[in-house]
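Read through the structure below, which is laid out as structure tokens, and then see the notes.
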Amino acid sequence: MIDPREYRRRRRQLMRMAGRDAIVIVPAAPERVRNNDAHYPYRQDSDFQYLTGFGEPEAVLALIPGREQGEAILFNRPRDPDRERWDGPRAGQEGAVADFGMDDAFPIEDIDEILPGMIEGRSRVYYHFGRDTDFDLTLIGWVNRVRERIRQGARPPHEFVALSHLLHDLRLYKSRDELRVMRRSARIAAEAHVRAMRTVRPGMNEHEIEAELLHTFRRHGAVPSYEPIVGGGDNACVLHYRANNAPLRDGDLLLIDAGAEYACYASDITRTFPVNGRYSTEQRALYDIVLAAQRAAIDQVRPGRSFIAYHQAAVRVITEGLIALGLLKGDLERNLREETYRRFYMHKTGHWLGLDVHDVGDYRIDGEYRELEGGMVVTVEPGIYVAPDAKGVPARWRGIGIRIEDDVVVTRGAPEVITADVPSDPDAIEALMAGR
């Protein structure tokens, strides 16, 4: 878990960046109704989580640099024995200060009376406009109340600034505590993938394998970091396949893209393996290309390298391999220039990873891809997808979809693959499955 002192450091760092004449306002995620009076499982807003570690709904964080009475203020639900008997314990205002390091805390019901006075005198408001329309309107109402008192000497803010401009760059660089939690998340997800490899048999259904993943996640106190993709046969060629309800046939590959979320931090793993435990000649040929592309890409995940460098490395290996198999025609450089590979490999090779699966942070700065730096975490996930109806492609290749994905930490030296507990080498996969 994250040391409470780290949350305090994050808040202080953000306030230094915002400046002494600013106020930062971050609401907690609202609860979402699933159907009638039943809610979706609650998951805290990632930015609110990053700054507080506070997991309850109906809360608002206000950061007010330089305020003598306290800079970090939390509005949250008060203790209520009757409601807690139904919904579980609350931190209350005392807990917000004692357990979460706030300078002060007030009941959320009092926010309309208190927060406008905290906004008054601040020249800039940092906030995420557009995420929650209702809260947008509430915040504008608070500011307008300050503006209505200009003749009485009130000083309303004159600038609204996107909070992401400051906060999301901070989130790109993972601390030691964050990396420790992410390694735990990665180990849980890796165990789930190994369990799937050991369980799958021809004749099973995709949803049975999904159940094995979910069992492992919950057994370790984690939840899925996104809706798992469990696609057998042709379904592996559907990049965001989510039905997970088809039979698994002898001779098909099974592509599983599934990650665990532990303490709000995500992992993201994809493996592709044979339902019957043995790759066919064609499956193995394509798999070897993807694995070589992934290894070449991972080698580029180093400080000082451009973010796009590892995608370019994967593309080169995949294109070269497809030419060698006859799936692309012509010389390598022409195919790279004309991007003919996109018929079989149509997505980028990775993304940031952290509190969100597709984590926040700019990929470009002033129009140029940013350089990788220590503490960043990325996924590396090349693939080849030969559609079942691909025209001009020999039948033996059609319907094969392969992706291999790992989570990689940028370090001072060699890249750290934190998802290596699940094998990606095809011989190792076959050996593991042979022992089922």
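The values are calculated or read from the model by the stated rules, or taken from the named source; none is laboratory data. This one's a predicted model, so the numbers in the text were calculated from it and none came from an experiment. Ideal geometry is used to build each Cβ from the backbone, glycine not excepted, and the neighbour counts take in all protein chains shown. These accessible areas exclude ligands, DNA and RNA; they are computed on the full protein's heavy atoms, side chains included. Shrake-Rupley method; radii C 1.70, N 1.55, O 1.52, S 1.80 Å.
Mean silhouette area of segment 172-317, derived from the convex hull of its C-alpha atoms and averaged over all directions, reads 9.3 nm². Remark on Glu58: its backbone amide H falls under 5 Å from those of Glu31, a criterion applied only to residues 5 or more positions apart or on other chains, H modelled at 1.01 Å from N.
Only Lys, Arg, Asp and Glu count, each charged at its Cβ (+1, +1, -1, -1), so figure out the dipole size of segment 83-128 about its Cα centre, rounded to 20 debye. Mind showing how you got there, number by number?
On the way: 5 positive and 11 negative charges, 42 e Å.
Its charge dipole is roughly 200 debye.
For segment 214-258, the percent of C-alpha pairs falling in each 10 Å distance bin, counted from 0 to the bin holding the largest distance, reads 28, 46, 24, 2. Hey, how much of the P(r) for segment 227-290 falls beyond 17 Å, as a percent of Cα pairs? Tail fraction, whole percent: 44. For segment 313-366, the orientation-averaged shadow of the C-alpha convex hull comes to 5.0 nm² (one quarter of the hull surface).
Note that the chain, at 10 °C in a medium of 1.306 mPa s, gets a Stokes-Einstein diffusion coefficient of 66 µm²/s from its Kirkwood radius over C-alpha pairs. Measuring between their Cα centroids, segment 216-284 and segment 168-198 lie 17 Å from each other.
In square angstrom, what is the accessible area per residue of the chain with a 1.4 angstrom probe?
On the way: 19990 Å² over 436 residues.
Ligands and nucleic acids excluded, the result is 46 Å² per residue.
If you take the Cα atoms of segment 112-252, find Rg, then find the Kirkwood Rh from the mean of 1/r over all pairs, what is Rg/Rh? Kindly include the intermediate steps, with their values, before the conclusion.
Values: Rg = 24.9 Å, Rh = 19.8 Å.
Rounded to two decimals, Rg over Rh is 1.25.
In order along segment 170-178, phi translates into HN-Hα couplings of 4, 5, 5, 9, 7, 7, 4, 4, 4 Hz, rounded to whole numbers, per the Karplus curve 6.51 cos²θ - 1.76 cosθ + 1.60 with θ = phi - 60° and x for Gly and Pro.
Can you give the Rg/Rh ratio of segment 103-156, where Rg is from the C-alpha atoms and Rh is the Kirkwood radius? Write out the running numbers ahead of the final one.
Details: Rg = 11.8 Å, Rh = 12.1 Å.
Radius of gyration relative to Kirkwood radius: 0.98.
In segment 60-164, if the dipole is taken from +1 on Lys/Arg beta carbons and -1 on Asp/Glu beta carbons about the Cα centre, which of Phe160, Met102, Gly88 is farthest to the positive end? Result: Phe160.
Taking packing as the residue-averaged number of other Cβ atoms within 10 angstrom, the listed peptides 254-260, 9-15 run from highest to lowest as 254-260, 9-15. Placing a pseudo-label 7 Å from each Cα along the Cα-to-Cβ vector at Arg85 and Arg9 gives an inter-label distance of 4.4 nm.
So if the hydrodynamic radius of segment 1-109 is defined as the Kirkwood radius over C-alpha pairs, what does Stokes-Einstein give as its diffusion coefficient at 37 °C and 0.692 mPa s, in µm² per second? Mind showing how you got there, number by number?
Working: Rh = 14.6 Å.
The Stokes-Einstein estimate is 224 µm²/s.
Phi-derived couplings, Karplus 6.51 cos²θ - 1.76 cosθ + 1.60 at θ = phi - 60°, listed residue by residue for segment 241-253: 4, 9, 5, 6, 9, 9, x, 9, 9, 4, x, 8, 8 Hz, with x used for Gly and Pro.
Expressed as a fraction of 2.2 N^0.38 Å, the value expected for a compact globular protein of N residues, the C-alpha radius of gyration of segment 335-375 is 1.51.
Note on the chain: with charges restricted to the Cβ of Lys and Arg (+1) and Asp and Glu (-1), its dipole about the Cα centre is near 780 debye. Rounded to the nearest Hz, the phi-derived 3J(HN,Hα) couplings of segment 35-47 under the Karplus curve 6.51 cos²θ - 1.76 cosθ + 1.60 (θ = phi - 60°) are 6, 6, 10, 9, 9, 5, x, 6, 9, 5, 4, 5, 5, where x marks glycine and proline.
Compare the peptides 200-206, 292-298 by average per-residue count of other Cβ atoms within 10 angstrom and give them in order, highest first.
Ranked by mean Cβ neighbours within 10 Å, highest first: 292-298, 200-206.
Here the accessible area of the chain is 47 percent carbon and sulfur, with a 1.4 angstrom probe and all protein chains present. Against the chain, whose longest principal axis is taken from its Cα atoms, helix 309-324 shows a tilt of about 20°.
Dipole magnitude of segment 295-436 about its Cα centre, charges +1 at Lys/Arg Cβ and -1 at Asp/Glu Cβ only, in debye to the nearest 20?
Numbers: 18 positive and 23 negative charges, 142 e Å.
In debye, rounded to 20, segment 295-436 gives about 680.
Spatial offset of segment 26-102 relative to segment 286-362 amounts to 42 Å, using the alpha carbon center of each.
Helical runs (DSSP H, four residues minimum) scored at -39500 (n - 2.57) apiece and divided by the length of the chain put the mean residue ellipticity at 222 nm at -11000 deg cm²/dmol.
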